[in-house]
1. Work out the length of the dipole vector of segment 156-236 about its Cα centre, built from +1 on the beta-carbon of each Lys and Arg and -1 on the beta-carbon of each Asp and Glu, and round it to the nearest 20 debye.
2. For the chain, modelled as a Gaussian network with Cα springs under 10 Å, which listed residue fluctuates most, Val106, Val185, Val209?
3. Please give the contour-minus-distance gain from Ile142 to Asp125: 0.36 nm per residue of separation, less the Cα-Cα distance, rounded to one decimal in nm.
4. How many times 2.2 N^0.38 Å is the alpha carbon radius of gyration of the chain?
5. Tell me, what % of the accessible area of segment 127-251 is carbon and sulfur with a 1.4 angstrom probe?
6. With +1 on each Lys and Arg Cβ and -1 on each Asp and Glu Cβ, how big is the dipole of the chain about its Cα centre, in debye rounded to the nearest 20?
7. When only Cα pairs under 8 Å and 6 or more residues apart are kept, what is the percent relative contact order across segment 122-251?
8. At a probe size of 1.4 Å, how large is the accessible area of Thr41, to the nearest 10 Å²?
Amino acid sequence: MHIILIVFLLFLGASWGSFLNVIAYRMSVKKTFISGRSYCTHCKKSLHWYDMIPIISFLALRGKCRFCAQRISAQYLLAEIGVGLLFVLGGMLIVDMLNISLYIIVVSFFTVLFIYDAIAYLVPDRVAIPGIIIIGLLNFFILRDAKSIIFGGIIGGAWFLIQFILSKGKWVGGGDIRIGILLGVLVGYPLIWLALGISYVGGSLIALVLIILRMKTLKSRLPFATLLLPSGFIIWLWGSQIWQWYVGLIS
Ligand SMILES: [Zn+2]
């Protein structure tokens with residue numbers, strides 16, 4: 001891919017990531033995302049346009065507010081770089097318009113849910129439910145395989161619903177059921193099994209590292225959606241190849 005296209009996609013994605021981060025942040029503090037201009041969360045002063053250029057403004061201000069010098073959370077920079085890189089990845093992998101629209105929608109819903117869960121340990125229904133419907137429908141227009149999408153959603157949801165009932169809501173929350181359905185209607189059946197499996201192995205490893213580093217204890221709750229969403233995304237893009245590689249290993 002041409003370097004100019006890479007830089008263009010990186011900045012397009014970074015701007016979009018900046019917007020998604022604001023949506024997730026404002027929703028998590030119970031504001032509507034259309035209310036008002038961007039402002040410093042510490043001193044409440046409105047930001048100039050040149051303080052809102054993705055990545056560059058953060059680096060130019062060295063991560064501090066121009067007015068009050070309060071540190072700006074690195075979350076802004078991470079969301080911008082993260083979505084920027086995802087746009088570059090999308091440009092490398094995907095060629096047709098229908099798949100590009102699904103890709104942008106998936107990246108958007110996943111990013112908002114990921115950030116929201118990371119800061120508030122909660123999966124908001126007003127994001128998760130529209131996500132399930134829009135992604136499920138668009139996926140149907142692309143795959144034309146209603147069985148795979150519906151079964152995927154049922155297995156993904158049932159997997160967490162059973163744990164939710166067995167543990168009376170202690171192991172997993174209601175939000176995890178919605179994330180399970182969301183991943184299911186995206187990756188379909190049978191890849192949903194792989195997405196669930198990888199998120200469990202990955203989640204256990206991350207939890208183990210955090211416990212060893214004494215950042216978390218066995219009793220602390222992990223933001224589970226932040227583990228499920230990336231593994232579901234990876235399985236959506238490369239699940240078939242991973243599955244073939246795995247079958248090749250064991251046969
Ligand atoms: Zn400030």
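The values are calculated or read from the model by the stated rules, or taken from the named source; none is laboratory data. These figures come from a predicted structure and were not determined experimentally. Counting neighbours? That spans all protein chains shown, and the Cβs are built from the backbone with ideal geometry, glycine included. In case anyone asks, the SASA skips ligands and DNA or RNA and just uses the protein heavy atoms, side chains included. Shrake-Rupley method; radii C 1.70, N 1.55, O 1.52, S 1.80 Å.
1. Charge dipole of segment 156-236: 380 debye, to the nearest 20.
2. Val209
3. 3.6 nm
4. In units of the 2.2 N^0.38 Å rule of thumb, it is 1.07.
5. 74 percent
6. Numbers: 20 positive and 7 negative charges, 232 e Å.
The dipole of the chain has a size of about 1120 debye.
7. Here the relative contact order equals 25 percent.
8. 60 Å²
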